[in-house]
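Peer 1: Take a look at the following structure, please.
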Amino acid sequence: MLQNKGNPTINKSTGLPRKRFYRARAHSNPLSDSHFPVPLSPSHVDYSQHYPQLFPAADQTGTYKKIQFADIGCGFGGLLISLSTLFPETLMIGMELRDKVTEYVKERILGLRVANPGRYQNVSVVRTNSMKYIPNYFEKGQLSKMFFLFPDPHFKEKNHRRRVISPQLLDEYAYVLQVGGIIYTITDVEELGEWMKSCLQNHLMFEPLSQKELEADPVVKLLSTATEEGQKVARNGGQTFQVVYRRITPAS
Amino acid sequence: MEDSRIEECEHDNSNTQEDAQVEESEQNNKDMEVAPALISVHPTQNSVAVAVGSDLRVFDLLDNCAVTLVDESGGASHNDSIRCIKYGTNGKLFVSAGDDKLVKVWSTDCWRCISTVISEKRVSAVAISNDGLHVCFADKFGVVWVVDLPGFDGTEAPLNKKAAPLLAHYCSIITSLEFSPDGRFIVSADRDFKIRVTVFPTKPLNGAHEIQSFCLGHTEFVSCLAFISAPDSPQGFLVSGGGDSTVRMWDIISGTLLDTCEVGAKVELIESDATEANCLTITDICTIPDCNLIAVAIQSLRGIMLLTCDLPSRTLSVTKVVSITGENFVPTSLGSSISGGLLWMVTGASKLRGSDISSLSRVKAVSGFNKSSPGAPEQEPVVLIDTEIPGGAKLLEKLQGSMSIDEKVFLAAADAVKTAMCNLLIKKQYTDEKREFRKRTRNDKKNTQ
């Protein structure tokens, strides 16, 4: 897979992919019925394909570990790469709609695995539409963290329904998150930040983290610094809006 | 513009291809407009309702007469094809909805329309809560809406209520909505192979946010849902039919698939013209109370298949095929009551291309279901002849629109319904070339004119 001696898309010295060969439009239509395989149910997710060192056999019965972190719209993988070494015992996955970008992340992970034996074995990426297929990948209460970093703002009001955080989609995210699990969102678009905050505030299965908790959480700092998008915003001196909530049992 | 005529033939070819594409999609749109005839039976068999196209026909079996619907909005009650009808389990309410984006709630005592709800999109499924206080309807964009009906006796002026969003399947056509027997859950099925089980809250107008489970396992769109009541399980067992030619049984609390019945394969053995293995969609399923039997209507099958649900082992098996002989009858919808002991069937369609007879339907009934009481004599299900059906000729005249209709027309109707369902619910798979071609005609740019 990595014998790309003549392949210009991979940097020969680092073994990592060159971004300019994986350029894609920033925007992808989440409504289109794209062409990619979808697992029939969470038990059909092939862990041996994503984490070959940890799950050598294709046989799934008795998977002792399950994916716990999901980066929705992972882009070029910046956050996942940082999380992988911060949480080496946790399995994590990125979900991305754009084909080329997913390929880039795949190559990046492969390159890192080769250059750093034993590390980055806990991170993977999959091309999918997370707005439709999250229940196909994760069981009820499986995830402990979900990330929505710099999601597409879909500025026009008629396109608001394409936003990845919405009152209806939060039902599904609440379903796959365990009680106490955390949802992290960040954006540089103020209106979108207000929107996400209001969706989470009004949803009875989420409560905000306190300022103290935010300061104590090592992941929070990564939101604005770990991704390419976040770094770009910082370079341009832009402001970011963070909304972090916890999944709770609703008071009935 | 005229100079382009001199350009290569290639250009002309692509135009013809585009024209053909546009024609094809228009054709598909027309095919999708064909609406199957639907039937629904009052829980204690007080009445039977049939919907064909925009026509809603009800026959009162207690008074043995046709019902005249009273709708103060004037004119025909619905303006476009009705896509879903249902009686509430307490028997007091009936709901109809469809392509005219209107959801009409009727009182079954006086058959007055007591409420009309306007939907933003065409409606694809409806359900009434067991206590009769809420009506839910789903649209083709995957949103399920809820409206509340304070208890009333049908003499007040009709209310035109606004619905609130209850839950959503992101951008997926919802094909069926059902409440569990104990009313705790609402189940919604979609064309993306998914079934979602959601806790129905005490204040549904605020939304149903707690998902109980997802029932995942179908390998094609899910077309219909039904519940089997079980003595030791208040939420019952869910059965579903799909475009993958299977009927599946689920435990909705955990979302576990309990059993799968490969129904399509059995049909191929019976029907000689069911040669295409694809598209043997389960058209409808209906549980027959008191005997753990499930009646299944399948495309191409002239009759119904009966499945037995064995509760202790939680399995499904094909018990019997009830064939309809003497006429070409492929049911498009099934209905049963809790006490009547009959399975009602209808076949028919509206807006058939090339046919000037609109709104045809043919109604039949099957009796003789073995009640699950030990020691009861074995009964064979039998298709009733017209004179044996409750309500007899009067019922058939009202619900069918006429007493006798050309058989060939019904086969065409069943075929049209089959095509419509496929076009609507099965995702088109394009080759890479075709996809690239389609993208060429995509217009993202602002109008530079």
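The values are calculated or read from the model by the stated rules, or taken from the named source; none is laboratory data. The structure displayed is predicted, hence computed values, not measured ones. All Cβ positions, glycine included, derive from the backbone under ideal geometry; neighbour counts span all protein chains shown.
Peer 1: Looking only at residues that are touching a Leu at 6+ places or on another chain (Cβ under 6 Å) and not in a loop (DSSP other than H, G, I, E, B) in segment B:163-186, which one is nearest to the other protein chains (Cβ to nearest Cβ)? Can you show your working first?
Peer 2: Here is the first cut: in segment B:163-186, the residues touching a Leu at 6+ places or on another chain (Cβ under 6 Å) are B:164, B:171, B:176, B:178.
When the remaining residues are screened for being not in a loop (DSSP other than H, G, I, E, B), the result is B:164, B:176, B:178.
On the way: B:164: 11, B:176: 18, B:178: 19 Å.
Looking at the filtered set, the residue picked out is B:164.
Peer 1: Pick from A:239, A:231: which is more than 14 Å from every other protein chain (Cβ to nearest Cβ), touching an Asp or Glu at 6+ places or on another chain (Cβ under 7 Å) and in contact (Cβ under 8 Å) with a residue 12 or more places away in the chain?
Peer 2: A:239
Peer 1: Scan segment A:31-41 and tell me whether some residue there is over 28 Å from residue A:160 (Cβ atoms) and either at pLDDT 95 or above or among the aromatic types (Phe, Trp, Tyr) (or both).
Peer 2: Among the residues of segment A:31-41, not one is over 28 Å from residue A:160 (Cβ atoms) and either at pLDDT 95 or above or among the aromatic types (Phe, Trp, Tyr) (or both), which makes the answer no.
Peer 1: Scan segment A:133-151 and give yes if some residue there is out of contact with any Ser or Thr (no Cβ under 7 Å at 6 or more places or on another chain) and more than 14 Å from residue A:70 (Cβ to Cβ), otherwise no.
Peer 2: Of segment A:133-151, the ones out of contact with any Ser or Thr (no Cβ under 7 Å at 6 or more places or on another chain) are A:133-135, A:137-139, A:141-147.
Now narrow it down to the ones that are more than 14 Å from residue A:70 (Cβ to Cβ): none.
So far as segment A:133-151 goes, no, none of its residues is out of contact with any Ser or Thr (no Cβ under 7 Å at 6 or more places or on another chain) and more than 14 Å from residue A:70 (Cβ to Cβ).
Peer 1: Follow-up question, since we're still on this one. Do we have any residue at all in segment A:161-176 that's more than 14 Å from every other protein chain (Cβ to nearest Cβ), aliphatic (A, V, I, L, M) and touching a helix residue (DSSP H, G or I) at 6+ places or on another chain (Cβ under 7 Å)?
Peer 2: no
Peer 1: Here's something else I'd like to know. Go through (1) over 17 Å from the mean Cα position of the chain (by Cα); (2) free of Cβ contacts under 8 Å to residues at least 60 places away in the same chain; (3) closer than 15 Å to residue A:146 by Cα one by one and return the number of the condition residue A:220 breaks.
Peer 2: Result: residue A:220 fails condition (1) only.
Peer 1: In addition: Would you please name the residue that is surrounded by the most Cβ atoms within 10 Å (Cβ to Cβ), looking only at residues in segment A:159-184 that are without any contact (Cβ under 8 Å) to a residue 60 or more places away in the chain and not in a helix (DSSP H, G or I)?
Peer 2: A:165
Peer 1: Further question: Being buried (at least 18 other Cβ atoms within 10 Å of the Cβ), under 22 Å from residue A:76 (Cβ atoms) and within 14 Å of chain B (Cβ to nearest Cβ): is that true of residue A:247 here? First the steps, then the outcome.
Peer 2: Values: buried (at least 18 other Cβ atoms within 10 Å of the Cβ): yes; under 22 Å from residue A:76 (Cβ atoms): no; within 14 Å of chain B (Cβ to nearest Cβ): yes.
So residue A:247 does not fit the description; no.
Peer 1: When you look at residue B:138, is it aliphatic (A, V, I, L, M), within 14 Å of chain A (Cβ to nearest Cβ) and out of contact with any Ser or Thr (no Cβ under 8 Å at 6 or more places or on another chain), yes or no? Can you show your working first?
Peer 2: Values: aliphatic (A, V, I, L, M): yes; within 14 Å of chain A (Cβ to nearest Cβ): yes; out of contact with any Ser or Thr (no Cβ under 8 Å at 6 or more places or on another chain): no.
So residue B:138 does not fit the description; no.
Peer 1: Another question, if that's okay. Those residues that are at pLDDT 95 or above and either charged (D, E, K, R) or at positive phi (or both), I need them from segment A:128-143; list them, please.
Peer 2: A:139, A:140, A:141
Peer 1: Moving on to the next point. Kindly list the number of the only condition in (1) crowded, with 20+ Cβ neighbours inside 10 Å; (2) away from every other protein chain (no Cβ under 12 Å); (3) in contact with a strand residue (DSSP E or B) (Cβ under 8 Å, 6 or more places away or on another chain) that fails for residue A:201.
Peer 2: Of (1) crowded, with 20+ Cβ neighbours inside 10 Å; (2) away from every other protein chain (no Cβ under 12 Å); (3) in contact with a strand residue (DSSP E or B) (Cβ under 8 Å, 6 or more places away or on another chain), only one is false for residue A:201: (1).
Peer 1: Only one residue in A:131, A:146 is touching a residue at least 60 places away in the same chain (Cβ under 8 Å) and either facing chain B (nearest Cβ under 9 Å) or not hydrophobic (A, V, I, L, M, F, W, C) (or both). Which one?
Peer 2: Within the list A:131, A:146, the selection yields A:131.
Peer 1: Additional query: For segment B:263-274, check the following and say yes or no: at least one residue is surrounded by fewer than 20 Cβ atoms within 10 Å (Cβ to Cβ), modelled with pLDDT of 95 or more, out of contact with any Cys (no Cβ under 7 Å at 6 or more places or on another chain) and not in a loop (DSSP other than H, G, I, E, B).
Peer 2: No, segment B:263-274 contains no residue that is surrounded by fewer than 20 Cβ atoms within 10 Å (Cβ to Cβ), modelled with pLDDT of 95 or more, out of contact with any Cys (no Cβ under 7 Å at 6 or more places or on another chain) and not in a loop (DSSP other than H, G, I, E, B).
Peer 1: I need a count of the residues in segment B:212-243 that are in contact with an Asp or Glu (Cβ under 6 Å, 6 or more places away or on another chain), within 12 Å of chain A (Cβ to nearest Cβ) and within 20 Å of residue B:307 (Cα to Cα).
Peer 2: Looking only at that region, the number is 1.
Peer 1: Restricting to segment B:385-415, count the residues that are modelled with pLDDT of 80 or more and either surrounded by 17 or more Cβ atoms within 10 Å (Cβ to Cβ) or within 14 Å of another protein chain (Cβ to nearest Cβ) (or both).
Peer 2: So the answer is 8.
Peer 1: Can you name every residue in segment B:196-211 that is without any contact (Cβ under 8 Å) to a residue 24 or more places away in the chain, more than 8 Å from chain A (Cβ to nearest Cβ) and either of a type in the set (A, V, I, L, M) or closer than 21 Å to residue B:250 by Cα (or both)?
Peer 2: Of everything in segment B:196-211, just one residue is without any contact (Cβ under 8 Å) to a residue 24 or more places away in the chain, more than 8 Å from chain A (Cβ to nearest Cβ) and either of a type in the set (A, V, I, L, M) or closer than 21 Å to residue B:250 by Cα (or both), namely B:199.
Peer 1: Does segment A:51-59 include one or more residues that are within 27 Å of residue A:248 (Cα to Cα), away from chain B (no Cβ under 14 Å) and either among the charged types (D, E, K, R) or part of a helix (DSSP H, G or I) (or both)? Reasoning before the result, please.
Peer 2: Filtering segment A:51-59 for residues within 27 Å of residue A:248 (Cα to Cα) gives none.
No, the conditions are met nowhere in segment A:51-59.
Peer 1: On the basis of being more than 9 Å from chain B (Cβ to nearest Cβ) and more than 22 Å from residue A:231 (Cα to Cα), does residue A:181 make the cut?
Peer 2: Spelling it out, residue A:181 is indeed more than 9 Å from chain B (Cβ to nearest Cβ) and more than 22 Å from residue A:231 (Cα to Cα).
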